[in-house]
Amino acid sequence: MDFSYSAKTQDLQKRLISFMEEHVYPNESVYDQQLKEQPNRWTEVPPVMEELKEKAKQAGLWNLFLPDSEYGAGLSNREYAPLCEIMGRSLIGPEVFNCAAPDTGNMEVLVRYGTEEQKRRWLKPLLDGEIRSCFSMTEPDTASSDATNISATITRNGDDYIVNGRKWWSSGAGDPRCKIGIVMGKNDPAAPKYEQQSMILVPLDTPGVTIERMLPVFGYDHAPHGHAEINFDNVRVPAENMIWGEGKGFAIAQGRLGPGRIHHCMRLIGAAERALEEMCRRVAERAPFGKPLANQGVIREWIADSRIDIEQARLLTLKAAYMMDTAGNKEAKAEIAMIKVTAPNMALRVIDRAIQAHGAAGVSDDFTLAAQWANARTLRLADGPDEVHRSQIAKLELKKFQ
């Protein structure tokens, strides 16, 4: 396995780092301030975001996540990993480059499984950053870590499908630019277990679609993006909105979640790297007991352990990316499961140490640490909880001895 970065990746790294330093980091506080000043944080997007997106387009730093060169940059998972890491250093970074979830996963679904008409109507405006999207899979009343439990229904009715059910944690649905959702539901309960589900495109302005509430995360509402609980009440959509075909929902979910999981892990490594840098700067300048905190033994242990944690997670993520590139997502399922457990827990440890080193300032909004910690904690649940991934890893390990 060769984890050295290609010349193309190294060039993009330099350009991304320069862009982040010149445009993204200085505008994090501008974004937050503009959001606070808006009369309704759910109906308007801070103007600076669209300005940054336009600059990223002009700089050729757009849609880097798509391996298909027809639509994206044509990068492999290994090539994209260090770039995604750089974007993940800022909570607003991924959107600036049109590389933010859930749009990335939804675009990948449309590229892989969408019809030409679906691509024309929904993929193109998503690629251009003109609209945003949501993914409605998780349900409040079912154990959604097993997708076969999903109870929402997608029923054929003539030339249409009728969608009924309640979803939550549909990230992005609060955004005024969110125009389309990919909804997963059962269309045939009598079919084999993994062929009962389908995925269908539902425009959010369709009659019967109601956003019941926006769900905060540790007090952060993440406006204007947000995480919605949505009710689908006899929502009628054309049959051509079905993705791939009836009974393909579980297969699509598996195809979508592999890249989605590794992208989350890449971004978390970036968040942890930035937290470590901020911790080192902080302890070098603070001297509460007559000498810099950096001279305290426990602080040096935090720094050393954080560097070790980050490097281990990065190498495991690169191995998973290598496996995905060379053997395919199915063969890389153990590595993907391992990084999905490793990266969020690693990021939480590193960010927590940085918070502690900052004292009370660490839990404030003066630094990005508290918000990054809250985001990292959600990723022990999103795209499958740790316990499910650990079970999968153990199952695959035990299989070697059976």
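Inter-label distance, residue 325 to residue 131: 3.4 nm, where each label sits 7 Å from its Cα along the C-beta direction. Normalising the Debye intensity of the chain to I(0), with uniform scatterers on Cα atoms only, and taking log10 at q = 0.06 Å⁻¹ returns -0.24. Name the residue from 203, 86, 23 whose Cα lies farthest towards the positive end of the charge dipole of the chain, charges +1 on Cβ of Lys and Arg and -1 on Cβ of Asp and Glu. About the Cα centre, the residue reaching furthest to the positive side is 86.
Going by neighbour counts of Cβ atoms within 10 Å, the residues 340, 333, 193, 119 line up, fewest first, as 193, 119, 333, 340. Helix 249-285 and the longest principal axis of the C-alpha atoms of the chain enclose an angle of approximately 20°. Given R0 = 45 Å, the distance between the Cβ atoms of residue 53 and residue 390 translates into a calculated FRET efficiency of 0.75.
Residues 54, 278, arranged from fewest to most other Cβ atoms within 10 angstrom of their Cβ, appear as 54, 278.
Farthest towards the positive end of the charge dipole of the chain, among the residues 59, 185, 381, is the Cα of 381, using unit charges on the Cβ of Lys, Arg, Asp and Glu. Computed extension length for residue 3-residue 361: 125.2 nm, one decimal, from 0.36 nm per residue of separation with the Cα-Cα distance subtracted.
Each Lys and Arg contributes +1 and each Asp and Glu -1, all at the Cβ; summed about the Cα centre of the stretch 248-289, the dipole is approximately 260 debye.
Take the alpha carbon gyration tensor of the stretch 7-114, find the square roots of its eigenvalues, order them as a ≥ b ≥ c, and report rounded if a/c is under 1.5; if not, report prolate when a/b exceeds b/c, else oblate. Because a/c hits 1.5 or more and a/b fails to exceed b/c, the stretch 7-114 counts as oblate.
Would you work out if the stretch 132-243 is rounded, prolate or oblate? Take a ≥ b ≥ c from the square roots of the eigenvalues of the alpha-carbon gyration tensor; rounded if a/c is under 1.5, else prolate when a/b is larger than b/c, oblate otherwise. Oblate shape, in that a/c is at least 1.5 and b/c is the bigger or equal ratio.
Using the Karplus relation 6.51 cos²θ - 1.76 cosθ + 1.60 with θ = phi - 60°, the per-residue 3J(HN,Hα) values for the stretch 84-98 come to 4, 4, 4, 5, x, 5, 10, 5, 9, x, x, 5, 3, 9, 6 Hz, with x marking Gly and Pro. Annotation: the residues 177, 261, sorted from fewest to most other C-beta atoms within 10 Å of their own C-beta, follow the order 177, 261.
Classified by the C-alpha gyration tensor, the stretch 250-399 has a prolate form. Its axis ratio a/c, with a ≥ b ≥ c, is 1.5 or above, and a/b is larger than b/c. In order along the stretch 53-65, the Karplus-derived 3J(HN,Hα) couplings, from 6.51 cos²θ - 1.76 cosθ + 1.60 at θ = phi - 60°, round to 4, 5, 5, 5, 4, 4, 7, x, 10, 9, 6, 5, 6 Hz, and Gly and Pro are given as x. Dipole magnitude for the stretch 250-399: computed about the Cα centre from +1 point charges on Lys and Arg Cβ and -1 point charges on Asp and Glu Cβ, it is near 220 debye. Farthest toward the positive end of the dipole of the stretch 110-177, out of 129, 170, 142, is the Cα of 129, where the dipole comes from beta carbon charges about the Cα centre.
Where a number appears in this text, it was derived from the coordinates with a stated rule and is not lab data. Bear in mind the structure is a predicted one, so any value in this text is a computation, not a measurement. Neighbour counts run over all protein chains shown; Cβ positions are idealised from the backbone, glycine included.
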